[in-house]
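*Asks:* The following block contains the structure, expressed as structure tokens.
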Amino acid sequence: MSATTHGNIALPHASTDSAERRLMLGFLVFGFSALFIGASIGPLQALNYGGINLYPYLRPLLQTYYQGLTVHGVLNAYVFTFFLACGLLVYLPARELGLSPNLLLWRACFGLMVVGTLMLLVGMFDNSSSVLYTFYPPLKGSALFYLGLTLLVVGSLFPLPILLDLRGRWRRQRPGEITPLATYMSLATMLMWFLAGFGAAAELLVQLDPWVLGLTQTVDPSIARTLFWWTGHPIVYFWLMPAYVSWYCLLPKQAGGKLVSDPAARMTFALLLIFSLPVGSHHQYLDPGISPVWKVILTALTLSVALPSLITAFTMALSLEYGGRLRGGRGVLGWFTALPWRNAGVAAQVLAMITYIFGGAGGVVNGSWQLDNIVHNTIWIPGHFHLTVGTATAMTFMGVSFWMLPHLTGRTLLMPRLALASAWLWFIGMSIFAFGMHWAGLLGVPRRAWVSYMPQEAYDRVYGLAHLPLGLVALGGVILWLAVVAFYLVFFGSLLFSRQGTEEPIPFAQAFHRRASYAIGQPVGDLPGEPTPKLARALEHLGLITAFTAFITLAAYIPILWPMIRNATQATGWNVW
Ligand code: HAS
Ligand code: CU
């Protein structure tokens, strides 16, 4: 972890530098390999809703729709996202600060998550744990599944001490300065995820692990669900916030502009840290045992968590407009068409943002208790999360990989036009797919239903009304499959066959602090003639913000959990697949 200094900035030694690159490449390749398996199964689910059952042809690899759905959800939503988050949230801050991260901890993070993933894969592919990615008890899978999950979650928390150490060293070098932006955002994300982890940790370590190991015989499903959503809601921001780091800190540069407000970016992340935590039970609006008073409070809190994303929408739209106008765009929307649309990395991320407008709007519908009564447990919900995590996050990470692969390997990106095509195919496929899902959901089609298992005549009788939207789901799934093929030809092709290229730097953007701008990835300091905005100074108190968040989280959960604990039931395990 030794460093040399270059001008004012400390630079890591070349040897640690290449070790960091290799490890980051490990996170990237492992994460995207998980997505490859998970996403390849996706079209099967889409075709299921179109009435086409391909599962009988996939034996012995996959036995049932539920097994396929479990593999799909776990690999895409947990493994892929965790690897990308744990890579990016360490690599970018380390580069921004010019310091090298604690490699031992970062390797341990990688190692634990790899072992956890392998255990999960065995537990899922041997068909012992088709409990879906929410693993609600009393469904009961094998010990490998829960222990693997435990390792994955524990590993994913390691970036927090790494970041605290990085920021501590930075502060000793530059006392009194505010934390550089990408580091600030990464740290806020990890503090949020640290508090979020308590729910899953309690559920796994206190309830599920002892239960599957035979140390206890029964489990209470309501408590387990509540603890699950303690983590399960904020996890969506653990998926989203690393994508936001790219939107705020990198994309403006790639789009030819600047980030228009550094303080707005900090504010967004501080608000996401605060509001992500206490709202988890909005996934339980239809659960018994939670007082209606809390359901109303949760509605208000959930609408608050949309606020930082609305700030993001305006900040990013203005940052992109700034870039588009610098590139010669004129008129009301000329800036939009003037963006560098031929750059696959930019196109993927801007298309991800556009998709997220609809995903976010759906989220606001879900967040309202009354409206959620209509859409809960219908296929509307997977429609919502394929726009959010499945596109806003996943396609942003795909866009990041287009510059990061060349940056890490020193080789060129193979077939950049195919990369661009993959982004458009994903966007078009997902739009058709999610539109069909939202529509069919409003017609009452349930989520997680093996509808193609029933005879054609019964399918027609039950789902006749929803034929058209369900057909769109299937069509969208097939287009998404083409997108996956295109993306992985580029991704694996670039890894294996591309030629030596020129070194690609990290595209850290310029950001406006007040009126003056500075380069993210360079020391901030106090800008010439301009005091650091008071807001940025106030938001430096991340410890205080975290403590406040912990307090309101307990204030929200104790009244919800206490009656459940007093009336705890005892369910034995079920295996229904
Ligand atoms: Fe959600 C269910 C509420 C965001 C993921 N959500 C889910 C599930 C997942 C998920 C996986 O309240 C299903 C879990 C399960 O299996 O049961 N969600 C919300 C709300 C938001 C939200 C209020 N969700 C997300 C994100 C996710 C995600 C982000 C993943 C990454 N969600 C819910 C609720 C449920 C739920 C209920 C339970 C429903 C039920 O019944 O089970 C908000 O955070 C959304 C705020 C977002 C916005 C959009 C801002 C737009 C931006 C783009 C700007 C575009 C630009 C382009 C700049 C307000 C930032 C410029 C170009 C121009 C041309 C202008
Ligand atoms: Cu939620």
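The values are calculated or read from the model by the stated rules, or taken from the named source; none is laboratory data. Note that the structure is predicted; figures quoted are calculated from it, not measured. Backbone-built Cβ (ideal geometry, glycine too); neighbour counts: all protein chains shown. In case anyone asks, the SASA skips ligands and DNA or RNA and just uses the protein heavy atoms, side chains included. Shrake-Rupley method; radii C 1.70, N 1.55, O 1.52, S 1.80 Å.
*Asks:* Past the 31 Å Cα-Cα mark, which pairs from Lys258/Lys534; Lys253/Lys534; Lys140/Lys295?
*Replies:* Checking Cα-Cα distances, every pair stays at or under 31 Å.
*Asks:* How far is helix 14-49 tilted, in degrees, relative to the longest principal axis of the Cα atoms in the chain, given as a value from 0 to 90 rounded to the nearest 10?
*Replies:* 30
*Asks:* Region 175-210 to region 298-353: how many Å between their Cα centroids?
*Replies:* First find each Cα centre; the distance between them is then 27 Å.
*Asks:* How compact is the chain by the rule of thumb for globular proteins, expressed as Cα Rg over 2.2 N^0.38 Å?
*Replies:* With N residues counted in the chain, Rg over 2.2 N^0.38 Å equals 0.95.
*Asks:* Lys and Arg at +1, Asp and Glu at -1: add these up for the other residues within a Cβ distance under 12 Å of Leu149 and post the number.
*Replies:* -2
*Asks:* Pairs of alpha-carbon atoms within less than 8 angstrom and 6+ residues apart define the contacts here; what relative contact order does the chain have, in percent?
*Replies:* Result for the chain is 20 percent.
*Asks:* If you don't mind, another one. Calculate one ³J(HN,Hα) per residue across region 85-99 by plugging θ = phi - 60° into the Karplus curve 6.51 cos²θ - 1.76 cosθ + 1.60, and present them in order as whole Hz with x for glycine and proline.
*Replies:* Running phi through 6.51 cos²θ - 1.76 cosθ + 1.60 with θ = phi - 60° gives 4, 5, x, 5, 6, 9, 5, 5, x, 4, 5, 5, 7, x, 10 Hz.
*Asks:* Where does each of 468-476, 419-427, 533-541 land if you order them by average Cβ count within 10 Å, highest first?
*Replies:* Descending packing order for the listed peptides: 419-427, 468-476, 533-541.
*Asks:* Moving on. Suppose every Lys and Arg Cβ carries +1 and every Asp and Glu Cβ carries -1, with no other charges. What dipole size does region 179-271 come out with about its Cα centre, to the nearest 20 debye?
*Replies:* Roughly 440 debye for region 179-271.
*Asks:* Further, regarding this structure: What translational D, rounded to a whole number of µm²/s, comes out for region 301-447 from Stokes-Einstein when the hydrodynamic radius is the Kirkwood one over Cα pairs, at 37 °C and 0.692 mPa s?
*Replies:* Approximately 197 µm²/s, per Stokes-Einstein.
*Asks:* Here is a further query. Using a 7 Å offset from the Cα along the Cα-to-Cβ direction at both Arg325 and Leu482, what is the distance between the two label points in nm, to one decimal?
*Replies:* 3.8
*Asks:* Roughly what would the spin-label model give for Thr569 and Tyr136, points 7 Å off Cα along C-beta, in nm?
*Replies:* 1.1
*Asks:* Heavy-atom accessible area of Thr16 with all protein chains present, probe 1.4 Å, nearest 10 Å²?
*Replies:* Accessible area, nearest 10 Å²: 20 Å².
*Asks:* Within region 334-385, report the chymotrypsin sites (Phe, Trp or Tyr not before Pro) that DSSP leaves as loop and that have at most 16 other Cβ atoms within 10 Å.
*Replies:* Listed in order of number, the matching sites are Trp341.
*Asks:* Relative to the longest principal axis of the chain, what angle (0 to 90°, nearest 10) does the C-alpha long axis of helix 344-367 take?
*Replies:* With rounding to tens, the tilt is 50 degrees.
*Asks:* Report, in debye and to the nearest 20, how large the dipole of the chain comes out about its Cα centre when Lys and Arg carry +1 and Asp and Glu carry -1 on their Cβ.
*Replies:* The calculated dipole for the chain is roughly 940 debye.
*Asks:* On to the next question. Can you give the helix-only mean residue ellipticity at 222 nm for the chain, where every DSSP H stretch with n ≥ 4 adds -39500 (n - 2.57) and the sum goes over all residues, rounded to the nearest 500 deg cm²/dmol?
*Replies:* Estimated from H runs of four or more residues: -21500 deg cm²/dmol.
*Asks:* List the residues, sorted by chain then number, that are 5 or more residues from Thr216 or on another chain and whose placed amide H is less than 5 Å from its amide H.
*Replies:* Trp211
*Asks:* Can you find, among Ser18, Ala509, Val219, the residue farthest towards the positive end of the dipole of the chain? Put +1 on the C-beta of Lys and Arg, -1 on that of Asp and Glu.
*Replies:* Ala509
*Asks:* Whole Å is fine, so just give me how far the alpha carbon centre of region 420-456 lies from that of region 459-475.
*Replies:* The two parts, judged by their Cα centres, are 10 Å apart.
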